[in-house]
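S.K.: Before I ask anything, here is the structure I am working with.
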Amino acid sequence: MQEYTVVINGKPEGPYSLDQLTDLKIKAGTFIRTPGMDDYKEAHEFVELRKLLGFRYQQTAPQYFASFDQRLMASVIDYFFLMIGYVILVLFAYIFIDDKMFKIGTALVLLALVPIAKLIYSSIAEASLKQATIGKRLMDITVTDMMGNRIEMSTSFARNFAKILSVLPFFIGYLYCFLNKKQQCLHDVIVETLVVKQRLV
C-alpha cells in the first residue's frame, strides 16, 4: 500500500495511507512525498489525490531556481565543447592551407564565430524538448517561461541575443541575479524566462 508523508505546519508528518489523507484537510498546494521521490510535490500533482480529494491539476511556477554558479558552469561546459570543434576545424585548416598568413586569418575568423555558434546552438537547444544545452543538461537545469513551460524559438533567440546587454558593461546584467529572488539575469527579465533546477538541493 502506498504511503504518503505530508508537510503540516511546516513539518513532515506520517506516513499516512491514502484513506487516512481524507481526514487531514489537505489542500491542493499541500506538499506531499512518497517513498522513492527525490523531493516533495504539491497534492494536486498526484493523480490519485486529484481523484480522491477532487483537486484539479494546476500549472504552477517553478519553485527552485538555478544558481549563478550552476549557470556559469553550464556555460563553461558548452564553450568547452565548442572550442573542441574550433580546434578540430583549425587543425584541418592548417593541414590543407599552405599560406601562413591565411592560416592565421582562418583561425581568427573561426574564433570570432564561436560566440555566434554558441548563440545559435543555445537558442535551438533551449527551445527544444530538452529545454537545455549540453552544459545545462549536465547541470540538471532548464530554461522555461515564467510558468515553467517550454519557450518558443523566437523567445529563445531573443533571450540569447539579449545576453549582449547582460555582458556589457562589466557583466552587470549577470550579476543582477544576486538581487533577484528568482535569480534571473537581465536577459531573463527582458524576455520573461527562468532557469530552473529540479530539486531544492
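The values are calculated or read from the model by the stated rules, or taken from the named source; none is laboratory data. Small disclaimer: the values here were computed from a predicted structure and weren't measured. We place every Cβ from the backbone using ideal geometry, glycine too, and count neighbours over all the protein chains shown.
S.K.: Please identify the pairs in which a residue from segment 144-163 that is in the same structural domain as Gln184 (by TED's automatic domain parsing) has its Cβ atom under 6 Å from the Cβ atom of a residue that is of a type in the set (Gly, Ala, Ser) and assigned to a helix (DSSP H, G or I), counting only partners at least 6 apart or on another chain.
M.R.: Ser156/Ser123; Phe157/Ser123; Asn160/Ser122; Asn160/Ser123
S.K.: May I pose another question? Residues Thr144, Thr106, Thr133, Thr193: which one is among the β-branched types (Val, Ile, Thr) and over 19 Å from Phe68 (Cβ atoms)?
M.R.: Among Thr144, Thr106, Thr133, Thr193, only Thr106 is among the β-branched types (Val, Ile, Thr) and over 19 Å from Phe68 (Cβ atoms).
S.K.: Here is a follow-up. Scan the helices (runs of 4 or more DSSP H) fully inside segment 96-180 and keep the ones with 2 or more residues being within 15 Å of the chain's Cα centre (by Cα) and hydroxyl-bearing (Ser, Thr, Tyr).
M.R.: Because the criterion is at least 2 residues that are within 15 Å of the chain's Cα centre (by Cα) and hydroxyl-bearing (Ser, Thr, Tyr), the helices (runs of 4 or more DSSP H) in segment 96-180 that meet it are 100-126, 153-161.
S.K.: State yes or no: is Leu82 touching a helix residue (DSSP H, G or I) at 6+ places or on another chain (Cβ under 6 Å) and modelled with pLDDT of 90 or more?
M.R.: Yes; evaluated as a whole, the condition is true for this residue.
S.K.: If you take the residues in segment 148-167 that are among the polar types (S, T, N, Q) and surrounded by 14 or more Cβ atoms within 10 Å (Cβ to Cβ), which one is nearest to Gln198 (Cα to Cα)?
M.R.: The extreme case among them is Ser156.
S.K.: Is it fair to say Lys103 is among the charged types (D, E, K, R) and at pLDDT below 90?
M.R.: yes
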